[in-house]
Amino acid sequence: MRFTSEQHLDDGVLERAFTLHGIPGILWTPAAAPAPLILLGHPGGLARMYPRLAARARHAAEQGYAAVTLELPGSGDRPRSAVADEARADLRRSLAAGEPVDDEIVSRLVLPLVDEAVPEWRAVLDAALSLPEIGGPVGYAGGVIAIGVRLAVVEPRIRAAVLFAGSYVPRAMFEEARKITVPLLVLLQWDDEGNDRQLALDLFDAFGSEEKTLHANMGGHTGVPQFEGDAGNRFFARHLT
């Protein structure tokens, strides 16, 4: 992890940009250390997502958590994937036509992303936990939900996860969902125009965790109520501290 810039925010949070094997990311740490760590998942490039990510990180820091995020494959300045771009275009055509989205399209779009992104997230977790200001334990929060599902299965250092049910999941990953055992809080926007509500409910039903909670709110994709951030912090307080 090579830090490339840093700034002290007005609430005492230290924000540092970094690269890890050439992949850009951002680490936020509160004044009190060592701190538990939240992996901040998101659906796009860091520049586009920065305002939302920074707000989430600072909200978490108020409760004593550090947070780290990483640019996804094919996003921001990272090389585009022709296969993903084609699948994304097919997905948009299906949605625009009001047609059901074929699972083959979802698999072409999501599975290669998960296969590439999850090892990168595990590498940034290795790097972050080597820092003296990060003490663990670790939680995961955000989307793409399929990445969160895979991480919750393969990464034993993740103790709990807040998953945003705002993106498609291939049916092939439902077997992985059944292997999850960590506590889950799942956020679902009931009127999300770019998500399959029934698929999200089926996925929640498939999760193998003994403790799993679904919060469904009215509204579109970007309308997650602010109070859900407080609910997420309370959830992590039960499982990370």
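The values are calculated or read from the model by the stated rules, or taken from the named source; none is laboratory data. Given the structure is predicted, the values throughout are model-derived calculations rather than measurements. Neighbour counts run over all protein chains shown; Cβ positions are idealised from the backbone, glycine included.
Can you confirm whether residue 182 is over 26 Å from residue 103 (Cα atoms), modelled with pLDDT of 95 or more, in contact with a helix residue (DSSP H, G or I) (Cβ under 8 Å, 6 or more places away or on another chain) and among the β-branched types (Val, Ile, Thr)?
yes
What is the one condition in (1) under 21 Å from residue 151 (Cα atoms); (2) crowded, with 19+ Cβ neighbours inside 10 Å that residue 87 does not satisfy?
Answer for residue 87: the failing condition is (1).
Here's a check for you: in segment 128-154, which residue that is assigned to a helix (DSSP H, G or I) and closer than 20 Å to residue 32 by Cβ is farthest from the chain's Cα centre (by Cα)?
The selected residue is 129.
For segment 155-241, which helices (runs of 4 or more DSSP H) that fit wholly inside it have 3 or more residues that are free of Cβ contacts under 8 Å to residues at least 60 places away in the same chain, in contact with a Phe, Trp or Tyr (Cβ under 9 Å, 6 or more places away or on another chain) and at negative phi?
197-206
Among the numbered criteria (1) more than 25 Å from residue 106 (Cα to Cα); (2) of a type in the set (A, V, I, L, M, F, W, C); (3) touching a Leu at 6+ places or on another chain (Cβ under 8 Å), which one does residue 236 miss?
(3)
When residue 42 is evaluated against the numbered criteria (1) modelled with pLDDT under 95; (2) surrounded by fewer than 21 Cβ atoms within 10 Å (Cβ to Cβ); (3) touching a strand residue (DSSP E or B) at 6+ places or on another chain (Cβ under 9 Å), which criterion, by number, is the only one it fails?
(2)
When you scan segment 46-64, do you find a residue that is aromatic (Phe, Trp, Tyr) and in contact with a helix residue (DSSP H, G or I) (Cβ under 9 Å, 6 or more places away or on another chain), even just one?
No, segment 46-64 contains no residue that is aromatic (Phe, Trp, Tyr) and in contact with a helix residue (DSSP H, G or I) (Cβ under 9 Å, 6 or more places away or on another chain).
Residue by residue through segment 170-195, note down the ones that are surrounded by fewer than 16 Cβ atoms within 10 Å (Cβ to Cβ), of a type outside the set (Val, Ile, Thr) and farther than 26 Å from residue 225 by Cα.
Within segment 170-195, 171, 172, 175, 178, 179 qualify.
Give me the pairs, please: first residue somewhere in segment 127-139 and touching a residue at least 24 places away in the same chain (Cβ under 8 Å), second residue anywhere and among the aromatic types (Phe, Trp, Tyr), beta-carbon distance under 9 Å, and either six or more positions apart or on two chains.
Pairs found: 127/18; 139/65; 139/235; 139/236.
Cβ-Cβ distance below 8 Å, separation of 6 or more or different chains: which pairs start in segment 14-37 with a residue that is touching a residue at least 40 places away in the same chain (Cβ under 8 Å) and farther than 12 Å from residue 131 by Cβ and end on one that is hydroxyl-bearing (Ser, Thr, Tyr) and surrounded by fewer than 20 Cβ atoms within 10 Å (Cβ to Cβ)?
That search, which allows pairs on different chains as well, returns 25/19; 26/50; 36/241.
Quick one: count up the residues across segment 196-224 that are farther than 26 Å from residue 158 by Cα and crowded, with 17+ Cβ neighbours inside 10 Å.
Looking only at that region, the number is 1.
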